[in-house]
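To start, the structure itself, in structure tokens.
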Amino acid sequence: MPKFNPRQQQKKLRRHNPIARAAPAIELPPSSSSSSGAKSNGSSDALPILANLPLPSSSSSPASIQEDEKVLRALQGLNPLLLAKPSRNILLEPKHKLISRLVHLVDHARLEVRKEAAGCLRNLCVEAKWAVREQIWQHQGGARALAQAEYAARELGLLPKSQEHADTASAAPVTSAPAKKPEEMNRKERRHAAKAAKAAGTTAASDDADAAPVKATPASAAAEMAAHELLLLHLSLLENHLTIIWCLLEGVSSPVWLTTLNRSILSTLLCPCISTAAQAFSQPYSTNKITQKEEIEVRTAQVEVASTAANLLATWLEDNAAGAATLAGLPLDLVEQVEAFEQAGNTAEPGSKGRKRLEMIFDKFAKLDAEAQRRAKDGVDALTASFEAMIAGEDNANTNKLNYSKPTLGLLALASCCNLVESLPIALRAWVPSSSGSLAQWQLSTAAPKLLNFVTTTSADEGLWKSLETASTQPREKVELAEAAGMEVDDHHDDHADEQPKSTRALARLDDLTLAVELLGEICAEAGVQPGDDGALLPPEMAAAQAKNGEGNGMDEDDIDETQDDDLDSEEEEEMLALADADRESDDGGDAQGDVSMEASNKKKKVGRGDAGDSTWSASPYAQLVSKHHLPTALLKLLVAPTFSNAHVAELSQPFLQATHGALAALLSGLSAHAKPPPSQPVEEGSKEARRVAQYQRWVSSEASSLSETWQGLKESAQAADQSLDNLVAIWTGLSSLLVMHEGMEALAFDIQAADLQTFFGASLDRALAVKGDEVAASVSSLIISSFGNVARVPQASCPLIERNRFACELWLKLLASANDVPPPALLSALNAFIDTYADETSQWDQEVFVAGGVLGGVKACVPGVRERIRSSVDKRKEAALRERLDEAMTNLMAFIEYRESLAA
């Protein structure tokens, strides 16, 4: 994004403001704009600076060099005016047709004009209201920006040059006017000419025609200077157009624009932009001062291009399955079919009918486009290599300001990887090609530990937190200078964004820390659904490689026999085969790219199409984050760091603290997803699921010390009086997840005293329920109520199980009896926790608590009130998902009551 320098901007506006001189002309009545004396290039009341900018109806190539210069100088004078709100609003008046003029000049014959026109459009996208972005897109600004970005990328070598591009490039853009005489040059031109002449061993240009010729050098210094300027020009052109595309992607609501981007060259352009900057960081500078200065200019431009490209890539891939398919080299039809399969609620567990349907979809795409896969692998490898190279941090011996951008670029590259994986359907996330095998596994095994190392190293720097203590004196000065210059401080962004000194190095590093922790949380949340549990299948090539190497596919021999015996119903099988036949007939029988239909007669189960992951839970990368890298402990240390004792630093660090809470909650919640199901969902003894649960529970027991420390740290955080509701949601998610991890085990890994039932759990619930009408508070109370279920079911020495179970039962009955005062989400948690706890009549607490306490009669008395609360407070149309879950819980409760009554009879 463009740099904001209020002082420099104020000087520019004072020195050159043609709008102020043209004010009387603007006051003309509207009728004068349509007078017969209007010029062809604009209305009679057009601003003088716009008179030199041709309209689309005129030729894109001026008739002379002089007109060329007028256009260039007009654009150069226009650029600073677009940064100030008053002048920008005047220029954007419809009668001036500014946007159409600028979009028209994007294709100008002269390269400098292209760059300046793109810069004006870029500043409009960034500074003006978002409605301007829609106008730019409607004037074909997006399509032209894509075309110009492709041109600049090919000229820079980021994309291969096609013959068509080479032909047009050789004849198209003029980079500069013919050489001038010394007396016609300005100071900058004379300085460059003198430097070029000195490097070539000559004197400055002169009019003396009789001057003795100088021995020619092998490479003309003037030509080298022109090449350097041309390189910077193309980099600036590319950066401007990528920013325009980025802004239009955020601001344009039409799905046509997103479809256009998905089919464009973005997938092959953006990754090389990022990797080029990563390579630039590792290259040493020249020892020659003049050459070093030029290298810094080029690398600075490369870093700006890479930063824009990384932001654009992450934004483009977010929740964009079609874009992710393009970058991953996967057929769009495959992604759409798998996405529809998952959205329909189908399960892909081994041996299930859904699993066979999913395999039939995959069989149609058994051979992927080799060239697309190669490009995808190169792009993904460029992102992963860029992250690993730049996340290492700043080189303390290198004081160049470019050195400060390394972690930011590395984090943005990883953000693109995360968005790529998350945008694809779950069953296809292992199909993203990379040198490390699966991109999702690389995130867990390599990216997460490097992120953790970056966060712990950076946060341990006391100088960072010391700098933040004095970083608050700049925002007010920046706002005052901006207002004095007539500039818009903040038009459509966060109202409090101007209160933070974003320009300081300390806050930039704090932003990097926050982004790193957020990415760590995303990786942990994503890994919560392991391929072995969600039915993700490996691509054919990876499955064959694992089978060749003898790697386990997560299935034992008896499991394979079970899945092979569990066939589809005959009618369903015939239906699926008929669909496959229809798909095969609609194809051309396969093409060179390798999209081949499945043979209907091939009913044999594919060997090696098992679950990804390690054969034991403790060896998985996810478990290693706790066992080897001690991630929960490291995140807890960040939350209680003594550097946050300063009130001002703590205020600035709130986003970082919230991200840390969220990352810890995501990790623990993901780990708990693999725990044993509650008693209402019994696991068949001796099954594969039972063996997996046994492995998981052994791992939980081995990590008792770490889990106990995590529990104690979260408990202290939950009891803090000044804790925000948003943080409490994350804290109680972690606490509840720790309890869920112990479902079905012999004892908890941490200590819960009898007094904690009321002083901690009860008091926390009362505090959350006291906040009326707040969705966040309702989420907190829901999590606390759910945690009572595990407290009531898992034994623990310090507090007898029967006592804990009775306390939880009384609490649930109290909530159900006073349903009108309980938020619907909390009511749902109470219903589910109650049913899960007492679904098994053989449990050790059933006779002493449920039967002896007459709980069945108490819950039956609550049914009318609960049903009325659901009907009156949860609208089926506005809150369809919540209402559906509540209705399902009520259905389960009535079935539970009927079953219990049958037992009593």
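The values are calculated or read from the model by the stated rules, or taken from the named source; none is laboratory data. Just so it is clear, the model here is predicted, and its values are computed rather than measured. Quick reminder, even Gly has a Cβ in these numbers, built from the backbone with ideal geometry, and neighbours come from all protein chains shown. Quick note on the areas: whole protein, heavy atoms, side chains included, nothing else; ligands and nucleic acids left out. Shrake-Rupley method; radii C 1.70, N 1.55, O 1.52, S 1.80 Å.
Listing for the model above:
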{"read-out": "Qualifying residue in the stretch 733-754 (condition: over 27 Å from Pro679 (Cβ atoms) and not basic (Lys, Arg))", "value": "no"}
{"read-out": "Checklist (1) open to solvent by less than 30 Å² (accessible area, probe 1.4 Å); (2) modelled with pLDDT under 90 applied to Trp316, failing item", "value": "(2)"}
{"read-out": "Counted residues, the stretch 791-833 - those being in a helix (DSSP H, G or I) and over 38 Å from the mean Cα position of the chain (by Cα)", "value": "20"}
{"read-out": "Matching entry among Asp766, Asp846 (being in contact with a Phe, Trp or Tyr (Cβ under 8 Å, 6 or more places away or on another chain), surrounded by fewer than 21 Cβ atoms within 10 Å (Cβ to Cβ), without any contact (Cβ under 8 Å) to a residue 40 or more places away in the chain and over 29 Å from Ser706 (Cβ atoms))", "value": "Asp846"}
{"read-out": "Residue count for the stretch 654-701, restricted to those that are over 27 Å from Phe454 (Cα atoms), surrounded by 18 or more Cβ atoms within 10 Å (Cβ to Cβ) and hydroxyl-bearing (Ser, Thr, Tyr)", "value": "1"}
{"read-out": "Given (1) touching an Asp or Glu at 6+ places or on another chain (Cβ under 9 Å); (2) surrounded by 15 or more Cβ atoms within 10 Å (Cβ to Cβ); (3) farther than 17 Å from Val421 by Cα, index of the condition Asp333 fails", "value": "(2)"}
{"read-out": "The stretch 295-313 residues that are without any contact (Cβ under 8 Å) to a residue 24 or more places away in the chain and closer than 11 Å to Thr276 by Cα, paired with ones that are of a type in the set (A, V, I, L, M, F, W, C) and open to solvent by 30 Å² or more (accessible area, probe 1.4 Å) (beta carbon under 8 Å, 6 or more apart)", "value": "none"}
{"read-out": "Looking only at the stretch 386-406, and only at residues there that are modelled with pLDDT of 90 or more and not aromatic (Phe, Trp, Tyr), the one that is least open to solvent (accessible area, probe 1.4 Å)", "value": "Ser386"}
{"read-out": "Helices (runs of 4 or more DSSP H) completely within the stretch 646-745 that count 3 or more residues being in contact (Cβ under 8 Å) with a residue 24 or more places away in the chain and of a type in the set (A, V, I, L, M, F, W, C)", "value": "654-672, 688-702, 704-718, 725-740"}
{"read-out": "Considering residues of the stretch 503-517 that are open to solvent by 20 Å² or more (accessible area, probe 1.4 Å) and closer than 17 Å to Leu409 by Cβ only, the residue modelled with the highest pLDDT", "value": "Leu515"}
{"read-out": "Selection from the stretch 782-798 of residues that are open to solvent by less than 10 Å² (accessible area, probe 1.4 Å) and in contact with a Phe, Trp or Tyr (Cβ under 9 Å, 6 or more places away or on another chain)", "value": "Ile784, Ile785, Ser787, Phe788, Gly789, Val791, Ala792"}
{"read-out": "Test: residue in the stretch 770-777 that is more than 19 Å from Glu879 (Cβ to Cβ), in a helix (DSSP H, G or I) and in contact with a Leu (Cβ under 9 Å, 6 or more places away or on another chain)", "value": "no"}
